[in-house]
1. Given the criteria at pLDDT below 95, more than 8 Å from chain A (Cβ to nearest Cβ) and closer than 27 Å to residue A:84 by Cα, does residue B:33 qualify?
2. Answer with yes or no whether residue A:323 is out of contact with any helix residue (DSSP H, G or I) (no Cβ under 7 Å at 6 or more places or on another chain), among the hydroxyl-bearing types (Ser, Thr, Tyr) and outside the structural domain of residue A:113 (by TED's automatic domain parsing).
3. Where in the stretch A:316-414 are the helices (runs of 4 or more DSSP H), entirely inside, with at least 1 residues that are surrounded by fewer than 19 Cβ atoms within 10 Å (Cβ to Cβ) and free of Cβ contacts under 8 Å to residues at least 40 places away in the same chain?
4. Tell me which residues, restricted to the stretch A:154-171, are open to solvent by less than 20 Å² (accessible area, probe 1.4 Å) and out of contact with any helix residue (DSSP H, G or I) (no Cβ under 6 Å at 6 or more places or on another chain).
5. Could you tell me which of the residues A:258, A:218, A:289 is under 20 Å from residue A:363 (Cβ atoms) and basic (Lys, Arg)?
6. Mind telling me which of the residues A:14, A:27 ends up being part of a helix (DSSP H, G or I) and of a type in the set (A, V, I, L, M, F, W, C)?
7. Checking the conditions here, which among A:71, A:55, A:5, A:75 is surrounded by fewer than 21 Cβ atoms within 10 Å (Cβ to Cβ), touching an Asp or Glu at 6+ places or on another chain (Cβ under 6 Å) and β-branched (Val, Ile, Thr)?
Amino acid sequence: MSRPVRIAQLTCGAEYSGVQNEIAEAARAVDAEVFYPDISLRDLRRDFGSFGLNVKSPDLKLAIARAEALVTGKVEADAVFIGSCFRCAEAAIVRTELRRYIHMNSTLPVVSYSFTERTTSGTLLTRMEALTTIARRRALLAREEQTGITMGVDSGSSTTKCIVMKDNEIIGTGWEPTTEVLRSSDKVVADALEEAGLTMNDIEAIGTTGYGRFLIGKHLNADLIQEELTVNSKGAVYLADTQHGPATVIDIGGMDNKAISVMDGIPGTFTMGGICAGASGRFLEMTAKRLGVDITELGPLAMKGLSAGVPMNSYCIVFGTQSLVNALAAGSTPEDVAAAACHSVAEQVFEQQLQEVDIREPVIMVGGTSLIQGLVRAMGELLQTEIIVPHHSQYIGATGSALLASGFIDRKKE
Amino acid sequence: MAKVFIYPATSLMLSDLVARFGHKPLGSALSVREHIQAGGFDSPPLQITPEDPKKGLHWAAVEVPSGVRGRMSLYGPLIEEAEAAIIIEESDFAFGCMGCARTNELLIFLLKQKGIPILELSYPKSQEEGITFVASIKAFLAGLGGEEA
């Protein structure tokens, strides 16, 4: 049995928010353990002073000194979890700067999170899973080519996707709205196999990801069951052909959004979570419905409109829809409203989530929402860069899974 | 005997001084002990559960960070109980450390609101200042009544 992944905890307020046990439990669930890096009082005074961020809270000073101990190698760890109370401005500054500092000065994977007393181990699980995967499976994540015949299935909150790959090429695809998890999975698997002209017996290895990964992983007897942060970033740089050097992956999903800062195909820092439905793919679905167009038509419609004249920037899907209805009632064109909805979602993801990672070009947008051109344009304008949307971007999780699963073919043969 | 809130609330030296001069120190040891001696051990190391920040709503609004409210659920009852307070400002980490600056501001404010006798001192930086420091605390505690050590 492999040793547990050791995750260094740099937090302020976790014990007093009543979430310490949730953090530890999330780590235990992925065979990891959290620990506080031990430092001496002398180190605390010196390291905090040398970092140069003169915060008032001693627990934040301690977090800074602990980060220095990790970067200089005085304390060894496999990964880092940085956390502080939601709504604390002082801690937010420290959290951001420590994340950046560790990311730039070490190879340790880092995740940062702002918690409340309502944070549960379930919320933290995917983040902890991603941290342990990066720490434990670097060799697997370094894979750049797909070999043999493999399948990847992504059971997402809105849609289920399947990809069949052979010798580094996609030969079959399946896509369905997620209803009953296993039934949706069976359908996309059958569709992808049919398109590929293969049967299940031809598949040499299977990878699953997404919310339903454990259920369908067991159902399909998958070789790899993996959270979507590592899988999506791997799939994104693979499809965008940017496997070397830095990249940023943005995935605006139906239920949550992901922003991942990647180096050589391996995530360094990442953020994940729903802000509110007003900043999700779900809001764009609502917008399309209200405008009486299919979701596939929303992007081209938005490209013809201008967002500036339509006030819309609500985190809440109800208030967002209200703005939409008001704008239409005031005479705004469907094109302008569509553009405003795209800009609203992009702006909130930019303000709320992209501040949590270091944006480094190229920026790659993936997931179903990356097919909505208006959203990609709005994000590009906010980030002032040209965004890459690779082919099969809506199949990103399934592709990443199929790619990584091929690493298991040789192991099986052995 | 007076109940004296000590700040930093984690200071063992300050707690000892207050007890030596015949008063009851109100600090972290009291409230944390109560938590960790309660049945079960669900949330190590302090046994603070998500219920505690909710209790903290009594002293801080919901938009105040959960860590502040969790801390206030420990210190709030002690502040309400306090009949006097000793506040040491800018103390050394080794003397006693209160992790969150926002909580510290709030609890000092609440202590001052009570209108109880408060001794405010700066942490001594030399031996001479140290002697004056202890003498000031002794005089303050003596003024509250109670037995002398």
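1. So residue B:33 fits the description; yes.
2. On the way: out of contact with any helix residue (DSSP H, G or I) (no Cβ under 7 Å at 6 or more places or on another chain): yes; among the hydroxyl-bearing types (Ser, Thr, Tyr): yes; outside the structural domain of residue A:113 (by TED's automatic domain parsing): yes.
Considered against the rule, which asks whether it is out of contact with any helix residue (DSSP H, G or I) (no Cβ under 7 Å at 6 or more places or on another chain), among the hydroxyl-bearing types (Ser, Thr, Tyr) and outside the structural domain of residue A:113 (by TED's automatic domain parsing), residue A:323 comes out as yes.
3. Numbers: elements: A:317-329, A:334-352, A:373-383, A:396-405, A:407-413.
Qualifying helices (runs of 4 or more DSSP H): A:317-329, A:334-352, A:373-383, A:407-413.
4. A:156
5. Details: A:218 fails: under 20 Å from residue A:363 (Cβ atoms); A:289 fails: under 20 Å from residue A:363 (Cβ atoms).
Just a single option satisfies the conditions, and that option is A:258.
6. Values: A:14 fails: part of a helix (DSSP H, G or I).
Going through A:14, A:27 in turn, the sole match is A:27.
7. Numbers: A:71 fails: touching an Asp or Glu at 6+ places or on another chain (Cβ under 6 Å); A:5 fails: surrounded by fewer than 21 Cβ atoms within 10 Å (Cβ to Cβ); A:75 fails: touching an Asp or Glu at 6+ places or on another chain (Cβ under 6 Å).
Of the residues listed, the single one that is surrounded by fewer than 21 Cβ atoms within 10 Å (Cβ to Cβ), touching an Asp or Glu at 6+ places or on another chain (Cβ under 6 Å) and β-branched (Val, Ile, Thr) is A:55.
Residues are listed down the side, and each one gets a yes or a no for (1) touching a Gly at 6+ places or on another chain (Cβ under 6 Å); (2) among the hydrophobic types (A, V, I, L, M, F, W, C); (3) at pLDDT below 90:
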site: A:331; (1), (2), (3): no, no, yes
site: A:338; (1), (2), (3): yes, yes, yes
site: A:359; (1), (2), (3): no, yes, yes
site: A:378; (1), (2), (3): no, yes, no
site: A:381; (1), (2), (3): no, no, no
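The values are calculated or read from the model by the stated rules, or taken from the named source; none is laboratory data. What you see is a predicted model, and the numbers here were worked out from it, not measured in a lab. A quick note on method: Cβ atoms are made from the backbone with ideal geometry, for glycine too, and the neighbour counts reach across all protein chains shown. Accessible surface is based on the protein model in full, side chains and every heavy atom, while ligands, DNA and RNA are left aside. Shrake-Rupley method; radii C 1.70, N 1.55, O 1.52, S 1.80 Å.
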